[in-house]
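Take a look at the structure set out below.
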Amino acid sequence: MRIIAGDFKGRKLESPINNNIRPTSDKVKEAIFNIIAGNVPEAICVDLFAGTGNLGLEAISRGAEKCYFCDSSNESIGLIRENIEICKASDVSRILVGDYSRTLSRITDKIDIFFLDPPYKAGLYEDCFSQIRELDLLAEEGIIIAEHGAKDIMPDEICGFEKIKEKKYGTIVISIYG
């Protein structure tokens, strides 16, 4: 796992030692950032269910202004801290420890890009979208990128957010909402 482009290009990130954390593959990450390239510069991002911080750090590397890294796992928080240090990105990173509901309620900015990658079979997508809507966190032109399994069909509309693009990469699908 590495940073693909931008200021931190080529930096190798720390990876999990087991299968409890499922980082986004470099192939899927590159595809995501090719799609959203114009949204990233100066964006404020949230890497929800951050795992290793892979997506948020890629965004910062490509010019995002700030990223909130949210996770409840102690192993993930440790990896996120290590990877932020590897990238020397602590000045633009905020780590929020706790479950997604608690961390979402602690965000104080309007968010330009949400990276939403919960455990696939946990049924958390609708609740996450609902809370983002309820807390009015998404900026006017903001987007939510939901990574999910190919067998998990995401609706065209969820909690008032409309699907604007969807791409399949093997067993992974990226659905983008705005």
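Overview of values
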| quantity | calculated |
| --- | --- |
| Options 158, 153; residue that is open to solvent by 10 Å² or more (accessible area, probe 1.4 Å), farther than 19 Å from residue 69 by Cβ, among the β-branched types (Val, Ile, Thr) and modelled with pLDDT of 95 or more | 158 |
| Residue in the stretch 78-85 that is out of contact with any helix residue (DSSP H, G or I) (no Cβ under 6 Å at 6 or more places or on another chain), outside any helix (DSSP H, G or I), open to solvent by 10 Å² or more (accessible area, probe 1.4 Å) and closer than 20 Å to residue 29 by Cβ present | no |
| Some residue of the stretch 34-44 being in contact with a helix residue (DSSP H, G or I) (Cβ under 8 Å, 6 or more places away or on another chain) and not in a helix (DSSP H, G or I) | yes |
| Pairs with Cβ under 6 Å, 6+ apart, first in the stretch 60-75 and within 11 Å of residue 99 (Cα to Cα), second open to solvent by 40 Å² or more (accessible area, probe 1.4 Å) and of a type outside the set (Lys, Arg) | 72/99 |
| Failed item in (1) open to solvent by less than 40 Å² (accessible area, probe 1.4 Å); (2) of a type outside the set (Val, Ile, Thr); (3) modelled with pLDDT of 95 or more; (4) outside any strand (DSSP E or B), with residue 118 passing the rest | (3) |
| Residue match in the stretch 125-142 (condition: closer than 21 Å to residue 24 by Cα and in a loop (DSSP other than H, G, I, E, B)) | no |
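The values are calculated or read from the model by the stated rules, or taken from the named source; none is laboratory data. Model, not experiment: these values are computed from the prediction. Positions of Cβ are backbone-derived with ideal geometry, glycine not excepted, and every protein chain shown enters the neighbour counts. Accessible surface areas use protein heavy atoms only, side chains included; no ligands, DNA or RNA. Shrake-Rupley method; radii C 1.70, N 1.55, O 1.52, S 1.80 Å.
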